[in-house]
Amino acid sequence: MLTSTYTLVALSVEQTTVRSALQSLVHALHALPDEDGVLAPGQAARLCAELRQVVDDCHWRKLDKFLVPALRRNTEAADGLLHDLEQFSRAAADALAAAEACVDAGLRGVDRDSFQEAIERCADALRCRLEREEHELFPLARSLVRGEAWFAIANQMLAHDAVARERRGAGRRGCVEPIEPRRGRFEPHGHGQGHDPAGAEFGRRYATLSLLH
């Protein structure tokens, strides 16, 4: 029970990171100056790049890399919910693509209404996914995933953080190897190794994990 609790707390840290980034991005969107409903292309492009980073961070969370595969292996009871979560990710990806299309089409100025609608649609889809995860996926995982599976998930997460810290240290010493290899633009299907926005926090929370098992 303690292992599952600490694992879910660590996953919640990642959610807080994504939610905070979304809130900051939407505030920045509303603060963008415009002239007659048109945004400067450079400003819109920078905001799109920030949103792309948030979408990538959400996609490469430990939840998708470790908890979701464990659920799929242990039960089919979560299949419907996992499908719904995937649909939210697809909706976010489609909205992001629409925002990027607005930028590409606005060489002399980006239509604010269309651009803002796409950005907010993307943010809303990600928020809906986070809410469903917190209120449905986490409770379902707590009831369906068994103790040994939780310990295996936690060990995977610890090992992932250890590798990430080692690579960050190597980078500071002049190594050009990236912390996590990017796999191009976000696609809703398929999960693998990727960006880790909450690894350090997770490592601190799991310092005594082996004592709890």
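The values are calculated or read from the model by the stated rules, or taken from the named source; none is laboratory data. Note that this is a predicted model, so its numbers are computed, not measured. Don't worry about glycine lacking a Cβ; one is built from the backbone with ideal geometry, like all the others, and counts go over all protein chains shown. Keep in mind that these areas ignore ligands, DNA and RNA; they rest on the heavy atoms of the full protein, side chains included. Shrake-Rupley method; radii C 1.70, N 1.55, O 1.52, S 1.80 Å.
Okay, residues lined up against (1) assigned to a helix (DSSP H, G or I); (2) at pLDDT 90 or above; (3) more than 26 Å from R19 (Cβ to Cβ):
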| site | (1), (2), (3) |
| --- | --- |
| R132 | yes, yes, no |
| H135 | yes, yes, no |
| R167 | yes, no, yes |
| V176 | no, no, yes |
| H191 | no, no, no |
| R204 | yes, no, no |
Restricting attention to region 100-121, the residues that are open to solvent by less than 50 Å² (accessible area, probe 1.4 Å), among the aliphatic types (A, V, I, L, M) and touching a residue at least 60 places away in the same chain (Cβ under 8 Å) number exactly 3
Options D57, D79, D124: the member that is among the acidic types (D, E), open to solvent by 10 Å² or more (accessible area, probe 1.4 Å) and over 16 Å from the mean Cα position of the chain (by Cα): D79
Those residues that are under 27 Å from L11 (Cα atoms) and among the aliphatic types (A, V, I, L, M), I need them from region 98-131; list them, please. I119, A123, A125, L126, L130
Here the residues within region 1-54 that are charged (D, E, K, R) and within 25 Å of K65 (Cβ to Cβ) are E14, R19, E50, R52
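From the list V68, V26, V55, which one is over 30 Å from A159 (Cβ atoms) and in contact (Cβ under 8 Å) with a residue 40 or more places away in the chain?
Just a single option satisfies the conditions, and that option is V26.
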For A95, indicate whether it is closer than 16 Å to A49 by Cα, hydrophobic (A, V, I, L, M, F, W, C), modelled with pLDDT of 95 or more and surrounded by fewer than 16 Cβ atoms within 10 Å (Cβ to Cβ). no
Given the options R127, R185, name the one that is closer than 22 Å to V26 by Cβ and at pLDDT below 85. R185
Scan (1) in contact (Cβ under 8 Å) with a residue 40 or more places away in the chain; (2) open to solvent by 40 Å² or more (accessible area, probe 1.4 Å); (3) not aliphatic (A, V, I, L, M) for the single condition R46 breaks and write down its number. (1)
